[in-house]
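Worksheet for the structure shown next.
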Amino acid sequence: MGRCCMNDFLLAGMIAAERLPAAHEAKSAVLSELRNALAGASGEQRTAALLKRELDLPGDTAFLHDVHVPYKDGTAQIDLLLVHAEVVCVLEVKNMVGEFYFDSVNFQFHRIVDGRREGMRNPEAQLHRAVRAVSGFLGVPVHGVIVLASRSGKVVEAPKQYPVISLDYLPFHLEQLAKGSKLFDSAVLAAKLESLPARNSSRHWLERHNITFDSLRHGVSCPTCRCCPLVWQERKWNCGVCGFTSRDAHEVALQEYAVLFGCELDTKLAYRLLGVEDKYILYRLLEKTAPRSEKRGKRRIVENRELLHAYFGRVYR
Ligand SMILES: [Zn+2]
C-alpha cells in the first residue's frame, strides 16, 4: 500500500477493523467497506504508477491524490487528478470485476458479478461532479475519464458523457487529450489544489456505524499479535503472548485515537486508551506525544500519520 494512498478514511477503516469487537453491529459492514476501499486504493496506486512510468508528455506532470475541492455547499472528493500544462483530467478509477452497466436514462449504475446484480453509486455522476468542482475551482476546462483498473472488468452498457478507458490504453488517451499548446501554468494550478485542507471525514463515518470510544477495544496493541494489549512493566511495553517489547508502542494508539476522534484527548480517557492506571506513568508516556493543552484536563496529540502508515503497512501491502 503506497503511503500517498493511505488516507484518513482508509486508516479509520483499518483501526476499526482491528479494534471493533466481532459482536459489534457494524463489524461486517466495516470490513466490507475496508475491502472495497483497499481495492480502490490499489487501483489508484497502479494507475498512478503506470502513468508515471509510461505517460509521455513534455514537461512536468503532477498527480494529486485524495483532493477535497469545494463544490456547492460541500466538497467533491477527487481520488486521482492529473495536472499538466496542456491538460487537467480527473481520473475516476474503478478497480472492480464483473460486467458494468451505465444506465444513462435514469443515471443508475449496476454491475453483474457471479450472476448477481449489484447496484452501486454511479461512477459517471461522481466523475461529473468532480469535473465540475475542479473546473470551477481552478477556472480552467477539465477533462474526465473513468479508468478500468481491473482486467476482469468489462463494460456492457457504456456511459454517454465520459469515456471508459482500460488501464493499458490510458497513457495513449491522455496523450491525445494533451495534444495542443501549453494552456496553463501547471505549477500554479497544482499549488492551488495542494493548499486545500485535507478534510477529516471520520466523524460522520463513525456516527453512521455507531462506533464510539466505548465500543472499541482499548489498550496499546502488539504490532505482531495485533489483538492483545501490551502491558507497561519495567519501563517498557511487553507482550505476554509473543515477547515483543517497546518503549514507544503507545504512540500508535494515540495516533489511532487522533484519526478517529481528533487531536484533543481527555486525560481521563487517556488512562483507558493506553490501559495504565498510574498517574505518573501516564504523564510520562504523554509528555512528548500528547502534551497538556490550554484546556484543563485535556491533552493535545501531536499528529504523526507516518507512525500509522508504518504500523498498518506491515499488514496491508
Ligand atoms: Zn505480541
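The values are calculated or read from the model by the stated rules, or taken from the named source; none is laboratory data. Keep in mind the model is a prediction, meaning the values are calculated, not measured. Because the Cβ atoms are built from the backbone with ideal geometry, glycine has one as well, and the counts that use them run over all protein chains shown.
Remarks
- Single residue of 12, 85 found to be in contact with a Lys or Arg (Cβ under 7 Å, 6 or more places away or on another chain) and surrounded by 19 or more Cβ atoms within 10 Å (Cβ to Cβ): 85
- Subset of region 230-244 (residues that are more than 10 Å from the ligand (Cβ to nearest atom), surrounded by fewer than 18 Cβ atoms within 10 Å (Cβ to Cβ) and not in a loop (DSSP other than H, G, I, E, B)): 231, 233, 236
- Any hit, region 210-217, residues being within 16 Å of the ligand (Cβ to nearest atom) and part of a loop (DSSP other than H, G, I, E, B): yes
- Test for residue 296: is it charged (D, E, K, R), touching a strand residue (DSSP E or B) at 6+ places or on another chain (Cβ under 8 Å) and more than 24 Å from residue 30 (Cα to Cα): no
- When 181, 195, 186 are checked against the criterion of being in the same structural domain as residue 75 (by TED's automatic domain parsing), touching a Gly at 6+ places or on another chain (Cβ under 9 Å) and more than 16 Å from the ligand (Cβ to nearest atom), 186 stands alone in meeting it.
- Some residue of region 300-307 being in a strand (DSSP E or B) and within 27 Å of the chain's Cα centre (by Cα): yes
- Scanning region 150-176 for residues that are surrounded by 15 or more Cβ atoms within 10 Å (Cβ to Cβ) and of a type in the set (A, V, I, L, M, F, W, C) yields 155, 164, 165, 167, 170, 174.
- Check on residue 247, among the charged types (D, E, K, R), within 16 Å of the ligand (Cβ to nearest atom) and under 26 Å from residue 27 (Cβ atoms): no
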